[in-house]
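Data first, discussion second: the structure below is written as C-alpha cells.
The values are calculated or read from the model by the stated rules, or taken from the named source; none is laboratory data. Predicted model only: the values in this text are computed from it and were never measured. Here the Cβ is made from the backbone with ideal geometry for all residues, glycine too, and neighbour counts use every protein chain on show.
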Amino acid sequence: MATLFTKTKLYLEANSKTWQDEKVNIILRNDGSGDYIHTWSVDGLAKPTDEQIASYETAGNAAETNAGIDATRRSQYGSWQEQMEMIYKDQKNGTSTFKDHCDKVRSDNPKG
C-alpha cells in the first residue's frame, strides 16, 4: 500500500506543483488510526479528497517500488570513485568492465 506522502506528492505533481515547493504548506499526521492530511495551504490547489488520494494508489505503489530498486542499484553501482576507476581502466585497456557491471546491476534489479 502506497504511503499518504507518496500519493500526496503524486497529486501535487499531477497539478503542476512539487512537494519540495509545497512541503511547508502541508502537514501529514497519524493519530493512531491512520495517516491523514492535517494542514493544507497550497495556493491555487484544493486539498485532495479521500477519493482523489486513493486514485494514486497504483501509481504510488509503482513509485515506491521503483524508489527501492533505485536505492539498491545505487548501492550496487559502487562509489563514483570506483566507477571512474572502472571507466579509466576500460579506456586504457579497451575493455567493457564498467558497461558490463552496469548491465548486471540493471538486470539483477529490473524495474517493472
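A few notes on this one:
- Candidate set: the stretch 1-35, residues that are within 14 Å of ALA46 (Cα to Cα) and either of a type in the set (Gly, Ala, Ser) or outside the structural domain of THR65 (by TED's automatic domain parsing) (or both); chosen: the one surrounded by the most Cβ atoms within 10 Å (Cβ to Cβ): ALA14
- Leading residue by the ranking (farthest from LEU10 (Cα to Cα)) among those in the stretch 62-83 that are surrounded by 12 or more Cβ atoms within 10 Å (Cβ to Cβ) and aliphatic (A, V, I, L, M): ILE69
- Qualifying residue in the stretch 31-49 (condition: aliphatic (A, V, I, L, M), in a helix (DSSP H, G or I) and farther than 22 Å from LYS111 by Cα): no
- Lone qualifier among ASP90, ASP21, ASP103 - being in a helix (DSSP H, G or I) and within 17 Å of the chain's Cα centre (by Cα): ASP21
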